[in-house]
Amino acid sequence: MDPDEQRRGGQGRAPVSRQGRRQPPPRRTAPARAGTPRRPGPSRRPAPRRERPVPPPPRQPYDDLPYEDAIQDGALPAEDPYDAVPPQKPVQRGQRGKRPKKPVKATKAPKAKKPGRATKLAKAKKATGPAASADRRGAGGPGAKLYFGAAAVLGVLVLLGLGAVVVLRGGEAPDAGAAANAKIGKPAGTGPSPTSYSSSPSDAVYGGIASRRADSKPLTVGEAFPSSAAKLSVPDGKVTVKLRAKRLDGDCAAAVWGGSVAAELGKGGCTQAARGIYSDTGHGYGLAVAVFNLAGSADADRFVKRLESTIGGGFVLPLEAPEPLDGFGRGFGMARGLAMGHFAVVSWVQRLDGKGDERDEALLSLLIEGGKAPSVLGRAARAPAN
């Protein structure tokens, strides 16, 4: 033993190294239990410091209101909800915050459940009841008033269009090319009729005035009975009748009597009736002439033919005149109807005393002269040849 250790009392002090430094004392451990080997314990070295992760910056949470409901209630604008989130400031290191909630996506409306059998039966009963009819009349689709209103507007437009056509064609009245079925008034119920009557249809000589569309100028009383026709004489010159009265009517029913005759004029589109009456008081003869303006030659043919079957039930009314013509139509008389293009000319002659027969040459000659309507013959001569 070293003498120094003996002085210090044995092994109580730590040995000194050769370099003169003191060694650390041995580590004291708990005595091991009997039968259990001692395990070396881990060294207590301080663990390295771990940095705590920085949490993500908090985001402003959305309301719990669904997106579609929020737009409907005016809480959110109608844009993408994710674009409406305002930018957030970055969170400093070490600052904690709650994790924002995810925005609520727009949810689809739940599908309607199919109606059951009881619901279908109730709806079918309601759809066929009187209340359903009232609903359809009231709210379902356009009502009858709308249809009638549209029809009235369409009728006004048609009338305006017809008026524009009349203006563009120089202000022509319905006489200019008017079709058949003219509206005329009510004729007289009774009147005189001739003893005999004959008719002739229109021929090719009047082809230029076969239609009122080609001869649209209205007839005038001066044209129908001009000054050149103020006197009419028979070929032998023994009888000369003078014009005593003349008249032009826009309603053809004023120149006839009998409903069937007036109906035929209306069917033929008659728009004018010119009448004149002549007399020779010295020899006792009278002559009545009537000119009807119809739509076409076919209408004129039909009218003059119709008078053959209406004698006694309807005919042309002689123009009223003073005595001795106030009794015209009583006694024996002869009449003749000529279709001349779209005009119908009816002449009627008799003796003023009501006597005579078909063998009277003066009556036959006056009947022919009365049918030479100067207005009609002049228009036919001026019309272009077809």
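All of the numbers you see were taken from the coordinates with simple rules; none came from a lab. Keep in mind that this is a model prediction, so the values were computed, not measured. Backbone-built Cβ (ideal geometry, glycine too); neighbour counts: all protein chains shown.
Here region 186-250 and region 257-303 have alpha carbon centers that stand 7 Å from each other. As a rough guide to protection, the peptides 329-336, 195-202, 230-237 ranked by mean Cβ packing within 10 Å, highest first, stand as 329-336, 195-202, 230-237.
Does region 196-382 classify as rounded, prolate or oblate by the C-alpha gyration tensor (a ≥ b ≥ c root eigenvalues; a/c under 1.5 gives rounded; else a/b over b/c gives prolate, otherwise oblate)? Note, shape of region 196-382 comes out prolate. Database remark: amide H of TYR285 closer than 5 angstrom to the amide H of ASP280, LEU352 (H placed geometrically; neighbours at sequence offset of 5 or more, or on other chains; Pro and chain starts carry no H).
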